[in-house]
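The block underneath contains the structure these notes are about, expressed in structure tokens.
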Amino acid sequence: MSEHSADTILAQAEAHWMSGETQQAREAFRRARMLFHQAQDPEGEANALAQMGDFEADHDHWDEAGQAFAEARELYTRLGDQHGQGNVLVRLGRLAQARARIAEAEQYFQSAQEVFHAAGDLSGMAHVTKRRGHLARDRGQHDVALDHYHQALELYRRAADTLGCAHTLKGLASLHRRLGHADMAHQNFETARDLYAEAGDVLGEAAACRGLGHLLRQLGDHDGAVTALDAARQLYAAMGHLKAEAETRLELAEDLAPSDPTKARAHRKHAHDLFVRLGDVEQAGAIAVD
């Protein structure tokens, strides 16, 4: 089978993932990896392994994710691909962080920073700095997190990396919201949303809209929250991200219940049906539908 077929199956794996079709996604990732291997395409195989690791980590399968990342790292090292190596080291750091292995996470991030620095990869250096910001934020080290985010933003701007700027601004917005800096959070969410749209990252744009909706709800702006959340809902639906669409519909239902109970009920019913499609019986059963 051709490398084009492997690419096609890898894209199908991502689509299954977003649709909540876990087993189909896992099988497609494994098949894509095998086809790249058979085609003697180590770069394609490494990329497939990295995405497979992301998928397993998203489902809390830590050991499987770590194995996939380790195999991807070995392939990138053999290829002399410093960008690939650095990105996998960041993934390993994120995995360690998710497992509350903080010292291990910091070690991986430091190794990634060294690899990216040696390669002169500004976007890579920014990516590690942003991840360090997330780590500091989650540990309650807010001043340290702000410093890391601003450093990352400067590096991304020097690299003319629009998408990297958007990711960092979204992280900054979330931190400012947590700290009660409403004006800064609002500005950062809106700028991130616009940059995601400019870069063509629909899921990123949806996440920024959703974050903005949460902020506006917190500020008591009911209409603004509904507008932002509905924009996120439409973007998630367009991309086939069923879980995020269902979650956003539930948030819309909560905001609409006082003013438009009929529309709120419709959103709850649709969310219920989406969770059923995803096979999440527990979540579906928790939704009250009339």
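Worth a mention:
- Looking at 115, 90, just one residue is crowded, with 21+ Cβ neighbours inside 10 Å and touching a Leu at 6+ places or on another chain (Cβ under 8 Å), and that residue is 115.
- Among the conditions (1) surrounded by 16 or more Cβ atoms within 10 Å (Cβ to Cβ); (2) touching a residue at least 12 places away in the same chain (Cβ under 8 Å), residue 277 misses just one, which is (1).
- When every residue of the range 217-226 is checked against the conditions, none turns out to be part of a loop (DSSP other than H, G, I, E, B), at pLDDT below 95, touching a Ser or Thr at 6+ places or on another chain (Cβ under 8 Å) and surrounded by fewer than 20 Cβ atoms within 10 Å (Cβ to Cβ).
- Yes/no for residue 229 being without any contact (Cβ under 8 Å) to a residue 40 or more places away in the chain, touching a His at 6+ places or on another chain (Cβ under 6 Å) and over 25 Å from residue 23 (Cα atoms): no
- Matching residues in the range 133-169 - criterion: being within 18 Å of residue 97 (Cβ to Cβ), touching a residue at least 24 places away in the same chain (Cβ under 8 Å) and of a type outside the set (Asp, Glu): 133, 134, 135, 137, 139, 142, 145, 149, 152, 167, 168
- Residue check, residue 194 farther than 30 Å from residue 269 by Cα, free of Cβ contacts under 8 Å to residues at least 24 places away in the same chain and assigned to a helix (DSSP H, G or I): yes
- Of all residue pairs spaced 6 or more apart or on separate chains, those with beta-carbon atoms under 6 Å, a first member in the range 69-89 that is over 12 Å from residue 43 (Cα atoms) and a second member that is of a type in the set (D, E, K, R) are 69/91; 88/73.
- Complete set of residues in the range 1-38 that are at pLDDT 95 or above and of a type in the set (D, E, K, R): 26, 27, 30, 31, 33
- Residues of the range 11-47 that are acidic (Asp, Glu) and in a helix (DSSP H, G or I): 14, 27, 43, 45.
The values are calculated or read from the model by the stated rules, or taken from the named source; none is laboratory data. On a predicted model such as this, the values are computed, not experimentally measured, just so you know. Note: ideal-geometry Cβ built from the backbone for every residue, glycine included; neighbour counts use all protein chains shown.
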